[in-house]
Amino acid sequence: MPTFSWKLPQDTTTKTQTAYTIVVASKPELLPNNPDVWNSGKVASSQSVFVKYEGKPLKSRQNVFGKFNIGMKTITRQIGVK
(Lines give C-alpha, C1' and ligand atoms only; values in the text may rest on other atoms or scores of the structure.)
Protein backbone atom coordinates (compact mmCIF):
# COMPACT_ATOMS: atom_id res chain seq x y z
CA MET A 1 0.00 0.00 0.00
CA PRO A 2 1.48 3.39 -0.99
CA THR A 3 2.25 6.03 1.59
CA PHE A 4 2.88 9.75 1.21
CA SER A 5 5.48 11.92 2.92
CA TRP A 6 6.29 15.59 2.41
CA LYS A 7 8.28 18.51 3.74
CA LEU A 8 6.92 22.00 4.13
CA PRO A 9 8.63 24.42 1.74
CA GLN A 10 11.39 26.53 3.29
CA ASP A 11 9.69 29.77 2.23
CA THR A 12 6.41 29.01 4.00
CA THR A 13 5.16 31.42 6.65
CA THR A 14 3.35 28.59 8.40
CA LYS A 15 5.58 27.22 11.15
CA THR A 16 3.60 24.03 11.76
CA GLN A 17 1.21 21.92 9.76
CA THR A 18 -2.29 21.68 11.19
CA ALA A 19 -4.14 19.82 8.42
CA TYR A 20 -3.81 18.26 4.99
CA THR A 21 -5.92 17.16 2.03
CA ILE A 22 -4.73 14.70 -0.60
CA VAL A 23 -6.54 14.16 -3.89
CA VAL A 24 -5.40 11.66 -6.52
CA ALA A 25 -6.63 11.40 -10.11
CA SER A 26 -5.84 9.49 -13.29
CA LYS A 27 -5.44 12.76 -15.25
CA PRO A 28 -4.16 16.15 -14.07
CA GLU A 29 -7.24 17.93 -15.43
CA LEU A 30 -9.39 16.04 -12.90
CA LEU A 31 -7.54 17.78 -10.05
CA PRO A 32 -8.68 19.16 -7.68
CA ASN A 33 -12.43 19.15 -8.29
CA ASN A 34 -13.06 15.68 -9.73
CA PRO A 35 -10.43 13.26 -8.41
CA ASP A 36 -11.40 9.83 -9.70
CA VAL A 37 -8.92 7.82 -7.62
CA TRP A 38 -8.94 9.24 -4.06
CA ASN A 39 -9.93 12.25 -1.98
CA SER A 40 -8.79 12.16 1.65
CA GLY A 41 -11.00 15.08 2.61
CA LYS A 42 -9.58 17.60 5.06
CA VAL A 43 -7.67 15.77 7.79
CA ALA A 44 -6.78 17.70 10.95
CA SER A 45 -3.30 16.33 11.59
CA SER A 46 0.34 17.32 11.82
CA GLN A 47 1.35 13.96 10.28
CA SER A 48 3.54 14.43 7.20
CA VAL A 49 5.35 11.08 7.06
CA PHE A 50 3.94 7.69 6.01
CA VAL A 51 0.38 8.93 5.42
CA LYS A 52 -1.49 5.87 4.15
CA TYR A 53 -3.16 5.87 0.75
CA GLU A 54 -6.78 4.79 1.15
CA GLY A 55 -8.13 5.12 -2.37
CA LYS A 56 -9.00 2.77 -5.21
CA PRO A 57 -6.59 -0.13 -5.83
CA LEU A 58 -3.66 0.90 -8.03
CA LYS A 59 -2.01 -1.19 -10.73
CA SER A 60 1.73 -1.73 -10.94
CA ARG A 61 3.40 1.16 -12.80
CA GLN A 62 0.13 3.10 -13.03
CA ASN A 63 0.75 6.84 -13.24
CA VAL A 64 -1.55 9.00 -11.19
CA PHE A 65 -1.48 12.68 -10.27
CA GLY A 66 -1.73 14.02 -6.76
CA LYS A 67 -2.47 17.39 -5.25
CA PHE A 68 -1.52 18.04 -1.67
CA ASN A 69 -3.01 20.94 0.27
CA ILE A 70 -1.01 21.52 3.41
CA GLY A 71 -2.12 24.45 5.50
CA MET A 72 -2.16 27.38 3.08
CA LYS A 73 0.55 25.97 0.81
CA THR A 74 -0.27 23.82 -2.25
CA ILE A 75 2.22 21.41 -3.84
CA THR A 76 1.40 19.46 -7.03
CA ARG A 77 3.51 16.51 -8.20
CA GLN A 78 3.19 13.56 -10.58
CA ILE A 79 3.27 10.28 -8.69
CA GLY A 80 4.69 7.12 -10.24
CA VAL A 81 3.51 3.88 -8.66
CA LYS A 82 6.12 1.10 -8.57
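The values are calculated or read from the model by the stated rules, or taken from the named source; none is laboratory data. These figures come from a predicted structure and were not determined experimentally. With ideal geometry, Cβ positions are generated from the backbone for all residues, glycine too; neighbour counts draw on all protein chains shown.
The set of residues from the stretch 14-53 being more than 11 Å from the chain's Cα centre (by Cα) and closer than 14 Å to P2 by Cβ comprises V37, V49, F50.
Summed over the stretch 50-60, residues that are in contact with a strand residue (DSSP E or B) (Cβ under 8 Å, 6 or more places away or on another chain) and more than 15 Å from V24 (Cα to Cα) total 1. For T18, are the conditions met, namely being among the polar types (S, T, N, Q), at pLDDT below 95, farther than 13 Å from F68 by Cβ and surrounded by 10 or more Cβ atoms within 10 Å (Cβ to Cβ)? Yes: the conditions hold for T18.
Exactly one condition in (1) of a type in the set (G, A, S); (2) buried (at least 16 other Cβ atoms within 10 Å of the Cβ); (3) over 13 Å from the mean Cα position of the chain (by Cα) is false for S60; which is it? Failed condition: (2). Scanning the stretch 31-82 for residues that are farther than 18 Å from A19 by Cβ, aliphatic (A, V, I, L, M) and either at pLDDT 85 or above or assigned to a strand (DSSP E or B) (or both) yields L31, V37, L58, V64, I79.
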